[in-house]
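**Q** Below you will find the structure I want to go over with you.
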Amino acid sequence: MATHQGFTLWFTGLSGSGKTTITTHLVKELRKRSVPLEVLDGDIVRENLSKGLGFSKEDRDTNIRRIAFVANLLSRNGVPVITAAISPYREIRNEARELMDGRFVEVYTKAPLEVCEERDVKGLYAKARAGEIKEFTGISDPYEPPETPEILVETDKQSPEESAKQILDFLEDRDLIPAAS
Ligand SMILES: Nc1ncnc2c1ncn2[C@@H]1O[C@H](COP(=O)(O)OP(=O)(O)OP(=O)(O)O)[C@@H](O)[C@H]1O
Ligand SMILES: [Mg+2]
């Protein structure tokens, strides 16, 4: 059997752009292919590894650096990682990219703010508009889209299944995962 190296699939995109949804599809598919895998979802990381951090630029950067630190530990030992946090700042994402030199696959879940706001999966956009949440990405806090992500998925034009397939095809093409049997 071919050996496959570790990698980090680094999602970035607005709240409600589809990071967690697509991750769920990928996990299902990768388990079927017996790919070992760890997921660092923003919401879960903030409840554990980053508990107590807020949403200032400094705290957001700390949160992302912690995620990158763990993703690096795992991926350098051959364990593929999926990170699914907004990660709004380009500079810190690029720091993660440098840390995981050659193992970093950036996936931009692109959808217009209006679409994400319309979805409002967690009801947070309504609260942000009402001023109940300060520093909300896209509303009152910046989002810096990647300029040259390895993978761009347009989640207002594709289904989650199509986006997941696009990502799996990319990983297969680079021999990072085995093909479906
Ligand atoms: N192509 C698509 N890919 C992903 N999600 C989609 C797509 N089309 C529609 N959706 C819907 O968009 C929503 C995306 O929400 P999701 O929680 O995955 O976003 P998120 O990026 O993880 O947000 P957050 O940063 O707040 O965790 C879901 O309700 C999902 O069903
Ligand atoms: Mg999510």
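**Q** What translational diffusion coefficient, to the nearest whole µm²/s, does the chain have by Stokes-Einstein, given a Kirkwood radius computed over alpha-carbon pairs, a temperature of 10 °C and 1.306 mPa s viscosity?
**A** The diffusion coefficient I find is 96 µm²/s.
**Q** Another question, if that's okay. Taking amide hydrogens as modeled 1.01 Å from N in the peptide plane, which residues meet the under 5 Å criterion relative to residue 85, leaving out close sequence neighbours?
**A** 11, 42
**Q** Further question on the same structure: Whole Å is fine, so just give me how far the alpha carbon centre of the stretch 160-176 lies from that of the stretch 93-107.
**A** 18 Å
**Q** Continuing with this model, one more query. Under the Kirkwood approximation applied to all pairs of distinct alpha-carbon atoms, what is the hydrodynamic radius of the stretch 128-181 in Å?
**A** That comes to 14.1 Å for the stretch 128-181.
**Q** Is the stretch 48-151 best put as rounded, prolate or oblate by its Cα gyration tensor, with a ≥ b ≥ c the root eigenvalues, rounded for a/c under 1.5, and otherwise prolate when a/b is larger than b/c, oblate when not?
**A** prolate
**Q** Given only helices, namely DSSP H runs of n ≥ 4 each adding -39500 (n - 2.57), what is the per-residue ellipticity at 222 nm of the chain, to the nearest 500 deg cm²/dmol?
**A** Helices in the chain give a 222 nm mean residue ellipticity of -12500 deg cm²/dmol.
**Q** Still on this structure: When the chain is modelled as a GNM with alpha-carbon springs shorter than 10 Å, which of 72, 48, 63 fluctuates the most?
**A** Per the Cα network of the chain with a 10 Å cutoff, 48 tops the list.
**Q** Next up: Between residue 156 and residue 94, what is the label-to-label distance in nm when each label sits 7 Å out along the Cα-to-Cβ direction?
**A** 2.7 nm
**Q** Hey, how many Å between the Cα centroid of the stretch 39-76 and the Cα centroid of the stretch 133-158?
**A** 18 Å
**Q** Keeping to pairs on different chains or 8 or more places apart, tell me how many lysine pairs in the stretch 9-110 have Cα atoms under 23 Å apart.
**A** Summing the qualifying lysine pairs gives 7.
**Q** With unit charges on the beta carbons (Lys and Arg positive, Asp and Glu negative) and the dipole taken about the Cα centre of the stretch 10-116, which residue among 42, 30, 79 sits farthest to the positive side?
**A** So the residue furthest toward the plus end is 30.
Only the coordinates and a few stated rules stand behind these numbers; no lab work does. Here the structure is a predicted model, which means the values were calculated and not measured. Using ideal geometry, Cβ is built from the backbone for each residue, glycine included, and neighbour counts are taken over all protein chains shown.
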